[in-house]
Amino acid sequence: MRFANVFVALAATTLMLVGCASQKEPAEKAVAQAESSLAEFRADAEKYAADELAKVDESITRLKNSLANKDYSMVVKAAPSLSSTIASLKQSVAAKKADADAMMAAATAEWTDISAKVPQMVQAIQSRVDTLGKSRKLPANVDKATWETVKTDFETMKTEWTDATAQFASGQADAAVRKAREVKAKGDMILAKLGMTPA
């Protein structure tokens, strides 16, 4: 009887070990697959969904810890849910990237238009400012206070345009366009104060 109990215990232990061993390979494959799937779009995920990526990384770390602790059944059970989460994240990142690309395209198109107009505007204002600066008398529509404001605003406008150009060159098209709009609006006001036709 005692021998029978020992035999049953040994058999159960053997079956458990065999069961664990049989789940080792699927568990290892599941972790490797999760890491591989995430690696395919990690760079974009870091850019467009950093918080969500961090949560997925935490989940993978937990699975790797379970794998290290030989808790293969836990890994195998959790793998489908993690796989689904990674798939959802991939879709979300792709959608956000597409939106960002569309915004970039629109910003680039607007920049192309503004960047053709503002330099012409600056040139026209510069010519008028230079002419008035050499004149002993300001025109009737420009008093001294307005003239001083125009000169200050024009210097600011040129500085801001340089900043906007640098932003666009560094890939910040959206920010560059926002600043360029402000520059153009300031230029239109200067032109109006000088009695010139806004662009």
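None of the figures in this text is laboratory data; all of them are computed from the coordinates on show. Bear in mind the structure is a predicted one, so any value in this text is a computation, not a measurement. Cβ coordinates were reconstructed from backbone atoms using ideal geometry, including for glycine residues, and neighbour counts include every protein chain displayed.
A compact table of results
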{"read-out": "Kirkwood estimate for segment 49-137, i.e. one over the average of 1/r between Cα atoms, Å", "value": "18.3"}
{"read-out": "Separation of alpha-carbon centers, segment 161-199 and segment 37-84, rounded to whole Å", "value": "46"}
{"read-out": "Overall form of segment 48-95 per C-alpha gyration tensor (a/c, 1.5; a/b vs b/c)", "value": "oblate"}
{"read-out": "Rg/Rh (Cα only; Kirkwood hydrodynamic radius) as it applies to segment 78-199", "value": "1.30"}
{"read-out": "Dipole in debye (nearest 20) - the chain, about Cα centre, beta carbon charges: Lys, Arg +1; Asp, Glu -1", "value": "260"}
